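The values are calculated or read from the model by the stated rules, or taken from the named source; none is laboratory data. Quantities reported herein were computed from a predicted structural model and do not represent experimental measurements. Here Cβ is always computed from backbone atoms with ideal geometry, including for glycine, and neighbour counts include all displayed protein chains.
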Amino acid sequence: MTLEPDSDNDKVDIQWRYANGTSCAQQVKSSKNQISKGEVVAWCKELKESKAADRYQLLLAGPIAAAVLHDAPFDGVDVPTPTSMDTLALLDQAITKVDRYLSSKRIEPLPLSLRESLVYELVARMLQSAIHGQPMGRDVFDGWLLTAITAAYPHAVSQRLSANCAVLWSVVDLAGPALVADRAFEIVLPLTVINGGASTAVAEFFLLRIWTPTREMRYRPALVLPELPGETHAMRRRLGRPFGDFAIAPHSSVQQYVLFVPVKLPGYEAGEWPTGEYEVELFVKYASQPSVCSVKRATIAIQRDDFSVLENNETRSISVSNVEKYLHSL
């Protein structure tokens, strides 16, 4: 968007250029007196003859004749509903629209005073750009906005980073431990982290909570395993690399096969699992967040056949899809 673009005929006040290559030129006219249809027709004709864009709009502020809206458009120039001349009302509209824009960017609501300050600073930046007819791209606008919010209210942006990330998890792979004497399952989770935001996100670690009414277990990530279809769990384990924090670039995803092992601390079970149903919950910790957040919770059933992995170096997959629970609720 460019305010007061450099043009010979000086008819265009605002020019928009879109990603698909099209453009829109706008002219702004205001008056405390009623604006007549004749004036609007003449302005539209002059704007269209400027040949400055693919589409044209005449933006009016103040009282207008009823025929203007009834007969518009003129010469292919759109004439939207006029705005008020009340500057306080315009400020309120701008604050509301900034709030909606921030919500679309997954930024939590800001205090009213901060939103009002953002609007005033944005107006100042636009006026500064207008002096030289410099365009303001959406990426520049977003970057300035996030910088201003980070300086004044960093908590909002940290919330946004985690809100823009999603962790896909649908399968639990049970495997035997490295030391057979331990008898507790090792767990492999195929995890995909998707970052839909405009900033790089950093996943520091994952954590599994597994429990029944009488048993509490914690599992931590130990290795990232290679994707080797058909290979034994022991082979993948030998070729694995230690788990560490990793970055997810904007608008991209990272997939990892993460091996979880039991946490051996007082109060947590770390031995062989009895058969029965278990609640399983996955947590993730992002660098931008002070604490872990829950990804998904599901119920799995451990049966006698599952214990074969303790001896045969294979894995057994258990779905953690919630569709079965949903179907039973219908």
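Results, tabulated for the structure shown:
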quantity: Residue in region 47-58 that is of a type in the set (A, V, I, L, M) and more than 23 Å from ASP6 (Cα to Cα) present; calculated: no
quantity: Residue match in region 214-223 (condition: modelled with pLDDT of 90 or more and either under 15 Å from TRP169 (Cα atoms) or not assigned by TED's automatic domain parsing to the domain that holds VAL188 (or both)); calculated: yes
quantity: Index of the failed condition, ARG209 passing every other in (1) of a type in the set (D, E, K, R); (2) outside any strand (DSSP E or B); (3) under 22 Å from CYS165 (Cα atoms); calculated: (2)
quantity: Residue that is farthest from CYS165 (Cα to Cα) [pool: residues in region 79-108 that are part of a helix (DSSP H, G or I) and polar (S, T, N, Q)]; calculated: THR87
quantity: Those residues of region 190-243 which are in contact (Cβ under 8 Å) with a residue 40 or more places away in the chain and hydroxyl-bearing (Ser, Thr, Tyr), in sequence order; calculated: THR192, SER199, THR200, THR212, TYR219, THR232
quantity: Hits in region 271-309 - residues which are of a type in the set (S, T, N, Q) and either touching a residue at least 40 places away in the same chain (Cβ under 8 Å) or part of a strand (DSSP E or B) (or both); calculated: SER288, GLN289, SER294, THR299
quantity: LEU310 exposed (fewer than 14 other Cβ atoms within 10 Å of the Cβ) and either modelled with pLDDT under 95 or not assigned by TED's automatic domain parsing to the domain that holds VAL202 (or both); calculated: no
quantity: Any hit, region 76-87, residues being surrounded by fewer than 18 Cβ atoms within 10 Å (Cβ to Cβ), over 41 Å from the mean Cα position of the chain (by Cα) and either at pLDDT below 90 or within 26 Å of LEU118 (Cβ to Cβ) (or both); calculated: no
quantity: Pick from region 109-152, criterion surrounded by 13 or more Cβ atoms within 10 Å (Cβ to Cβ) and assigned to a loop (DSSP other than H, G, I, E, B), ranking: modelled with the lowest pLDDT; calculated: LEU110
quantity: Where a residue in region 125-149 is under 25 Å from PRO111 (Cα atoms) and its partner, wherever it lies, is of a type in the set (Asp, Glu) and assigned to a helix (DSSP H, G or I), with Cβ under 7 Å and at least six apart; calculated: ALA148/GLU121
quantity: Matching residues in region 50-75 - criterion: being assigned to a helix (DSSP H, G or I) and either in contact with a strand residue (DSSP E or B) (Cβ under 8 Å, 6 or more places away or on another chain) or buried (at least 16 other Cβ atoms within 10 Å of the Cβ) (or both); calculated: VAL68
quantity: Hey, TYR278 within 23 Å of ALA184 (Cα to Cα), surrounded by 14 or more Cβ atoms within 10 Å (Cβ to Cβ) and either under 30 Å from the mean Cα position of the chain (by Cα) or modelled with pLDDT of 95 or more (or both) or not; calculated: yes
quantity: Residue count, region 197-213 (criterion: modelled with pLDDT under 90 and farther than 19 Å from LYS285 by Cβ); calculated: 1
quantity: Pick from region 153-176, criterion at pLDDT 75 or above and surrounded by 17 or more Cβ atoms within 10 Å (Cβ to Cβ), ranking: nearest to ALA287 (Cα to Cα); calculated: CYS165
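For (1) in the same structural domain as GLN134 (by TED's automatic domain parsing); (2) in contact with a His (Cβ under 7 Å, 6 or more places away or on another chain); (3) farther than 28 Å from LEU127 by Cβ; (4) not hydrophobic (A, V, I, L, M, F, W, C), each residue gets a yes or a no:
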{"residue": "VAL12", "(1), (2), (3), (4)": "no, no, no, no"}
{"residue": "ALA25", "(1), (2), (3), (4)": "no, no, no, no"}
{"residue": "GLN34", "(1), (2), (3), (4)": "no, no, yes, yes"}
{"residue": "TRP43", "(1), (2), (3), (4)": "no, no, no, no"}
{"residue": "LYS51", "(1), (2), (3), (4)": "no, no, no, yes"}
{"residue": "LEU58", "(1), (2), (3), (4)": "no, no, no, no"}
{"residue": "GLY62", "(1), (2), (3), (4)": "no, no, no, yes"}
{"residue": "ASP78", "(1), (2), (3), (4)": "no, no, no, yes"}
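This table checks each residue for (1) surrounded by 12 or more Cβ atoms within 10 Å (Cβ to Cβ); (2) touching a Phe, Trp or Tyr at 6+ places or on another chain (Cβ under 6 Å); (3) in the same structural domain as ASP182 (by TED's automatic domain parsing); (4) within 26 Å of VAL193 (Cβ to Cβ).
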| site | (1), (2), (3), (4) |
| --- | --- |
| THR232 | yes, no, yes, no |
| ARG236 | yes, no, yes, yes |
| PRO242 | no, no, yes, yes |
| ILE248 | yes, no, yes, yes |
| VAL261 | yes, no, yes, yes |
| GLU272 | yes, no, yes, no |
| GLN289 | yes, no, yes, yes |
| VAL292 | yes, yes, yes, yes |
| ILE300 | yes, yes, yes, yes |
